[in-house]
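Nothing in this text is a laboratory measurement; each read-out follows from the coordinates by a stated rule. As the structure is a computational prediction, the values presented were derived from the model and not from experiment.
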Amino acid sequence: MNLGFIKDGDYGILSFSGNMEKLSIVELKKGIDLVVEHACSFMVVDLCRVTHLSVSSLGLIFASKNRLEDIGTLTAIVGPRRELNKLLSADSMEKMVPLCENIERAKIALRKLAFEKKSKLRRRSWD
């Protein structure tokens with residue numbers, strides 16, 4: 001299991017490769033800490049080079065997503081939709097995070113999500 005990090009503007013891109021079952025909490029925490037240290041508004045989790053996905057490894061990613069949302073960082077996942085949908089239904093996955101076919105689409109989805117969240121906050125303040 002390999003983990004890479006790239007900062008691209010407001011985006012922290014965590015790239016995983018290899019067997020996700022070998023992902024440890026410590027490794028994932030190091031990646032998440034990089035996103036936080038670099039003050040990224042958005043995190044893209046790239047699973048395109050993962051050879052084996054598991055529900056437990058996705059669970060770790062979703063747990064980190066919640067931690068990041070607490071500090072205002074939004075998350076999207078890039079990866080093989082067919083493989084991800086074997087583990088979680090498309091409906092439940094899309095309710096948690098945008099699931100995209102490439103990093104550029106993930107960036108667009110995250111900007112849209114940020115805009116929608118800001119719009120909801122504005123509407124609430126007007127009520």
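Only bridges with both residues in the chain count here: give the DSSP antiparallel percent, nearest 5.
Counting DSSP beta bridges with both partners in the chain, the antiparallel share is about 30 percent.
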* Asked: Using the membrane-span-like helix rule (whole DSSP H runs, Cα extent along the own axis of at least 15 Å, mean Kyte-Doolittle hydropathy at least 1.6), which helices of the chain qualify?
  -> none
* **Reach of K112 by Cα under 19 Å, taken over lysines that are not fewer than 8 positions away in the same chain** => K65, K95, K120
* **Calculated log₁₀ intensity ratio I(q)/I(0) where the Debye formula runs over C-alpha points of the chain, q = 0.16 Å⁻¹** => -0.74
